[in-house]
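The values are calculated or read from the model by the stated rules, or taken from the named source; none is laboratory data. Note that the coordinates shown come from a computational prediction; the quantities given were computed from them, not determined experimentally. Here the Cβ is made from the backbone with ideal geometry for all residues, glycine too, and neighbour counts use every protein chain on show. These accessible areas exclude ligands, DNA and RNA; they are computed on the full protein's heavy atoms, side chains included. Shrake-Rupley method; radii C 1.70, N 1.55, O 1.52, S 1.80 Å.
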Amino acid sequence: MTKNKLSSSIQLFSGVLILGLANSASALQIETDEARIDIYGYARLNASYDINEDISRSSGTRSGDFSQINTGAAENSEASGYFGADAVQSRLGVRTSLANGVMVNIEGDFRGGTNGGQLRLRHAYGQYGNWLMGRTWSNYNSFVGNTSVLEMDGVAGNAGLYNRTAQVRYIQGNFTFAAESPKPKILDQTTKNGLPTLTARYENKAGALKFSSAALIQEVGYDTGINDDSAIGFAVFGAAKFQVTDTLSIQGNVNYTDGANSYLWRSGTNYYGEDAYLKGNNVETIVGYSANLGTTIKVGPGSLSAVYGMTTMDWDDAQDDGLAVGNQHERNTNAFLTYKWAPIKSVVFGVEYGRYEVKKINGDEGDANRLMFAAQYNF
């Protein structure tokens, strides 16, 4: 390229860049004849004060961890009053749309590593036409019925796999179908990933009502080279949001699983529970269910949300079969009261009260209360 052409190209690039800064919802948008590149993300501070024991997740974001809640006699002599803050939820992403219809999205945050602070891959996928391939939110997931909270790990009973996973997805109108990386879990046994998890979802709206429903099937099995067995697990969920007025909404989710608690959010000790256990050499599936219900109302310069969620796993059959499961979590519940407001464009503040409760199979119970503050600067 000649010097004059190079100079002209730089001037053109600068003009497009400045235009993107001025007019795009993203802080940075670059356009060429062949592509549009959006660079987006946010910087975020999360701060929490644990009124009782410290239940903050070690990997950062100050999220509450059910496994850290004291239960039984430990409730009587616990240390209390813990403060902490971090910025590991901060996020950076690049989305490229090519002239031929291909879209590529790569996004990360800094929740990686044992204590957070390392770059972690969130999304890395491409889409062309009806096909999406790569890592992104599971097809067995919906945000329709979720109530917005400051807690990054969300509410017990949110719909489906509240996480991202590698997949091949086909999109046809309001229906989506996917083959996804499997996530089976058998109590005290290494599982064998023999087949992909198959998921299907339908999402739509009618007037003031938005709704979503999904189902999945997965293989839950093991193979030691000497003994092996497998079972088919399944799960379904329903999610809905009703906009009562311009200022008030009610939303919620319902989940049922049988051999698929690895898709039951906030089950088990914190995130996902076991799908099955072994009775001798045979795989026996475990049933789980969950739900949450919330409401959001505009108040003053922001919005006030209240939500309650619970997740339950049925360990009765495992107990009857003689397994020592007394220390397993039978029920996890949490509730939040959250107020968010935007003092200026691209800046959001929030304050929140959260309560967590755990009940174990052996009857031991525990609870924890905490306060949270967040400041998010979007670009």
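So here's what we get for this one:
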read-out	value
Rounded Å value of the spacing that divides the Cα centres of the stretch 192-268 and the stretch 271-331	13 Å
Violating pairs (Cα-Cα greater than 30 angstrom) within the set 192/360; 183/340; 279/359; 185/360; 241/345; 210/345	183/340
GNM result for the chain, Cα springs below 10 Å: residue of 35, 276, 159 fluctuating most strongly	35
Modelled label reach - residue 242, point 7 Å along Cα→Cβ, the stretch 319-356 residues with backbone N closer than 14 Å	none
Net charge of Cβ neighbours under 15 Å - reference residue 147; Lys, Arg +1; Asp, Glu -1	+3
Karplus (6.51, -1.76, 1.60) ³J(HN,Hα), θ = phi - 60°, over the stretch 362-376, in Hz, Gly and Pro reported as x	6, x, 5, 10, x, 8, 8, 10, 8, 10, 9, 10, 9, 10, 10
Protein accessible area in the chain, 1.4 Å probe - carbon and sulfur %	56 percent
Over the chain, relative contact order from alpha-carbon pairs under 8 Å, at least 6 apart, %	15 percent
Sum of -39500 (n - 2.57) over DSSP H runs of 4+, divided by residues of the chain (222 nm, nearest 500)	-2000 deg cm²/dmol
Residue 58 accessible area, 1.4 Å probe, all protein chains in place, Å² to nearest 10	70 Å²
Solvent-accessible area of residue 357 with every protein chain in place, 1.4 Å probe, in Å² to the nearest 10	70 Å²
Inter-site label distance for residue 297 and residue 43 at 7 Å from Cα along Cβ, in nm	3.6 nm
Accessible area in square angstrom per residue, the chain, 1.4 angstrom probe	48 Å²
Heavy-atom accessible area order for 186, 39, 106, 232, largest first, 1.4 Å probe	232, 106, 39, 186
Rough spin-label spacing in nm, given labels placed 7 Å along Cα→Cβ, for residue 327 and residue 28	4.8 nm
Summed side-chain charge close to residue 243 - residues other than residue 243 whose Cβ falls under 15 Å, Lys, Arg +1, Asp, Glu -1	+3
Computed E for residue 193/residue 35 - FRET, C-beta separation, R0 30 angstrom, nearest 0.05	0.25
Angle between the chain longest axis and helix 3-23 axis [Cα atoms, degrees, rounded to 10]	50 degrees
Residue-wise HN-Hα coupling along the stretch 189-202, computed from phi with Karplus coefficients 6.51, -1.76, 1.60 (Hz; x: Gly, Pro)	8, 5, 8, 10, 8, x, 9, x, 7, 9, 10, 9, 9, 10
Potential lengthening between residue 224 and residue 87 on full extension [0.36 nm per residue; Cα-Cα distance subtracted]	45.0 nm
Candidate residues 103, 372, 133: accessible-area rank, largest first, probe 1.4 Å	133, 103, 372
Summed side-chain charge close to residue 181 - residues other than residue 181 whose Cβ falls under 13 Å, Lys, Arg +1, Asp, Glu -1	+2
Check: the chain dipole with +1 on Lys, Arg Cβ and -1 on Asp, Glu Cβ, in debye	2060 debye
Area accessible to solvent at residue 246, 1.4 Å probe radius, in Å²	130 Å²
Given (i) 219; (ii) 171; (iii) 130, the label whose value is volume of the Cα convex hull per residue in Å³ derived from this model	(ii)
